[in-house]
Amino acid sequence: MVEYHVDSSHLFEERMRRETRFGGQLSIQTIQDQPLIIFGHDECIFKQYHMMKKAWVGPNGERVLIPKDDGQGLMISAFQSREFGFGLEINESDLKKVNEWRREKKYHDETAAKGKQGTSDKKDLLSSPFIIEFEYGASNEGYWSYDHMVLQLDDCVDCLKCLHPEFDYLFLFDHSCGHDRQREDGLNVENMSKSFGGKQSNLRDTLIKEEAGYLGTFPRILSPGDVQHMVFQPSNDPGPFWFNETEKEENRKDKVIDGQTTKRKLQKEELVKKLAEQGITAAGNLVQVQKLARERNIPIIEENVPKIKEGWETKPKGLLQVLWERGFIDASNLKQYTMDGQKDAYGIHQPNTSLKYLLGSCKDFENEESLLQSMGRTMGVLVDRTPKCHCELAGEGIEYSWGCAKNLYHQQPLREKRSKETFKATVRKCLSRNNLTTEHVRSFSRRARQYILAYLAMQQVNDQQSSTDSKEEDMTQASGQITPAKIEQLVKEFKTHRCAMDFDRGFIDAVFIKKEEE
């Protein structure tokens, strides 16, 4: 028996579209309790008058007045999947069911919910949350951030858990500041100092799973299976390794330096508390809270604070101590270690002397999940990120959906974009299921999968270190219609995130023309 993926031939795709609900059948080789459905996510901005700089000239030289700028902007945050297409259609009956299921529940990230809507309680959904319109800008709704994204994800998960509990779900995001936001206690070398204490973050404990990728070759105090604390413990802790026993005891506790004072900026929590005493509920970041405090004549700086010599007990350990405990530090030559590493004769940083590089290369730091991934896990779904600078792989082919929608939008007459409401209505029309059909989305996902197979073939052949001739043959067979030559062209031309119309314009135009003919 031979089993083929539905993407192997367009004939398979057409037959499965007629015979199955989701355009394919589960593999008979897969044994799992619940099938996995993958949703891809991305954001896209539509400009009101984008690409409207040219116009046809009439017989008498008359022409339409062309706007001088791009006009208003509308951002769309959307999910798509092979199974459900672009977004997820939810009728009134199902929406009512979802709202009843959500009632009296709170968002998993209560801080984000309180910051954006003033309460952590889940409100009734008025429409499907899988496609959200966002009027960005300082004078509108602000700017899209992690807080917006995690709330949309939570709403989408509620819909899926309520309406389709028989599946497991994976959500794919690209890399951005909001999607990659770290947890406050996440393992991140950028939040650590060289030595103990100071303003560095208190990182969470981590498990040393194995020797490779976790432990070094120098003397260490940790072994596989141990839990490493990122903060010095109040008891049974060896303390900073560069101190002798006398120095450890002398520097264990914080000490007030007699006769010396300093200034101290109040933390956000302290300012919020002082504002609450005046009956004011403060929200936002530190700068916003400080501004609110100044308006109420609340000082943000505390004067004449006794100067304190910081001790190491209960303080964050810092890079040097954490690496020494793992066996990456040569204690006989500590001067060679700096944050970024010493430079050689050519001005190049030496990785083996960089504290950030040594710890950042450890598996637990490399594989540390983002805040969005952590929240997804608490919601009961998987969250992952697609490779950087590879929009051809991203989000189940969602980049092609944007390209197809914008292709249609650019052809709409100017009269359908003039006012704010007609502009938004035109964008909705271009993103509707009449234009981005489920069949189109599946073909876009198929296109993305071809690229994935090409990269996979290249990696497998390189790992096997086969001959040049067999490399090219194997990669061509495994990659389908996308050849390694096309991949190499992408690598050379596109070093940053781009629109799919930049590198696959022909494919998008073909889909668009085919739909016009239909």
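The values are calculated or read from the model by the stated rules, or taken from the named source; none is laboratory data. Quick caveat: nothing in here was measured; it's all calculated off a predicted structure. Methodologically, a virtual Cβ is constructed for each residue, glycine included, from the backbone with ideal geometry; neighbour enumeration extends over all protein chains shown.
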Quiz prompt | Checking Gln290 against (1) polar (S, T, N, Q); (2) touching a Lys or Arg at 6+ places or on another chain (Cβ under 9 Å); (3) more than 28 Å from Thr111 (Cα to Cα), the condition it does not meet | solution = (3)
Practice problem: Out of Glu141, Glu100, Glu89, Glu104, report the one residue that is in the same structural domain as Ala425 (by TED's automatic domain parsing), within 30 Å of Gln25 (Cβ to Cβ) and exposed (fewer than 15 other Cβ atoms within 10 Å of the Cβ). | Solution: Glu89
Quiz item: Across the stretch 204-230, which residue is surrounded by the fewest Cβ atoms within 10 Å (Cβ to Cβ) among those that are over 22 Å from Asp384 (Cα atoms) and touching a strand residue (DSSP E or B) at 6+ places or on another chain (Cβ under 7 Å)?
Solution: Val227
Quiz item: Restricting the stretch 31-52 to residues that are within 30 Å of Gln412 (Cβ to Cβ) and of a type in the set (D, E, K, R), which is surrounded by the most Cβ atoms within 10 Å (Cβ to Cβ)?
Solution: Asp42
Quiz item: Is it the case that some residue within the stretch 409-420 is assigned to a helix (DSSP H, G or I), buried (at least 20 other Cβ atoms within 10 Å of the Cβ), modelled with pLDDT of 90 or more and on the phi < 0 side of the Ramachandran plot?
Solution: yes
Exercise. Answer yes or no as to whether Asp237 is touching a residue at least 24 places away in the same chain (Cβ under 8 Å) and either in contact with an Asp or Glu (Cβ under 8 Å, 6 or more places away or on another chain) or outside the structural domain of Glu43 (by TED's automatic domain parsing) (or both).
Key: yes
Exercise. Take the stretch 231-255 and flag every residue that is in contact with a Gly (Cβ under 9 Å, 6 or more places away or on another chain) and in a loop (DSSP other than H, G, I, E, B).
Key: Phe232, Pro240, Asn251, Arg252, Lys253, Asp254
Quiz item: How many residues are part of a loop (DSSP other than H, G, I, E, B) and over 27 Å from Gly178 (Cβ atoms) when one looks only at the stretch 1-51?
Solution: 24
Practice problem: Could you check, for the stretch 262-274, whether at least one of its residues is over 30 Å from Lys114 (Cα atoms) and of a type in the set (S, T, N, Q)? | Solution: yes
Practice problem: Please determine, by comparing only the residues of the stretch 53-77 that are among the polar types (S, T, N, Q) and surrounded by 15 or more Cβ atoms within 10 Å (Cβ to Cβ), which one is modelled with the lowest pLDDT. | Solution: Gln72
Practice problem: Using the structure shown, decide if Lys209 is touching a helix residue (DSSP H, G or I) at 6+ places or on another chain (Cβ under 9 Å), closer than 25 Å to Asn352 by Cα, charged (D, E, K, R) and in contact (Cβ under 8 Å) with a residue 40 or more places away in the chain. | Solution: yes
Quiz item: Which one of these does Tyr346 not meet: (1) in contact with a helix residue (DSSP H, G or I) (Cβ under 8 Å, 6 or more places away or on another chain); (2) among the aromatic types (Phe, Trp, Tyr); (3) at pLDDT below 90?
Solution: (1)
Practice problem: Could you pull out the residue among Leu453, Leu436 that is within 22 Å of Arg505 (Cβ to Cβ), hydrophobic (A, V, I, L, M, F, W, C), within 27 Å of the chain's Cα centre (by Cα) and not in a helix (DSSP H, G or I)? | Solution: Leu436
Quiz item: Got a sec? Which of Thr438, Thr378 is touching a helix residue (DSSP H, G or I) at 6+ places or on another chain (Cβ under 9 Å) and not charged (D, E, K, R)?
Solution: Thr438
Quiz item: Among Asp155, Asp185, which is the only one that is under 14 Å from Glu368 (Cβ atoms) and either buried (at least 20 other Cβ atoms within 10 Å of the Cβ) or over 16 Å from the mean Cα position of the chain (by Cα) (or both)?
Solution: Asp185
Self-check item: Gln200 being surrounded by 11 or more Cβ atoms within 10 Å (Cβ to Cβ) and within 24 Å of Pro306 (Cβ to Cβ)
Solution: yes
Quiz item: So, in the stretch 166-182, of the ones that are in contact with a His (Cβ under 9 Å, 6 or more places away or on another chain) and within 13 Å of Gly376 (Cβ to Cβ), which residue ends up surrounded by the fewest Cβ atoms within 10 Å (Cβ to Cβ)?
Solution: His179
Self-check item: Cross-chain or 6+ apart pairs with Cβ under 9 Å, the stretch 1-14 first and farther than 16 Å from Thr438 by Cα, then basic (Lys, Arg)
Solution: His5/Arg449
Quiz prompt | Filtered residues of the stretch 148-173 (kept if of a type outside the set (A, V, I, L, M) and assigned to a strand (DSSP E or B)) | solution = Asp168, Tyr169, Phe171, Phe173
Quiz item: Among the residues of the stretch 385-395, is there at least one that is at pLDDT below 90, buried (at least 18 other Cβ atoms within 10 Å of the Cβ) and part of a helix (DSSP H, G or I)?
Solution: yes
Quiz item: Can you name the residue in the stretch 7-30 that is within 30 Å of Leu372 (Cβ to Cβ) and not polar (S, T, N, Q) and, of all such residues, is surrounded by the most Cβ atoms within 10 Å (Cβ to Cβ)?
Solution: Gly23
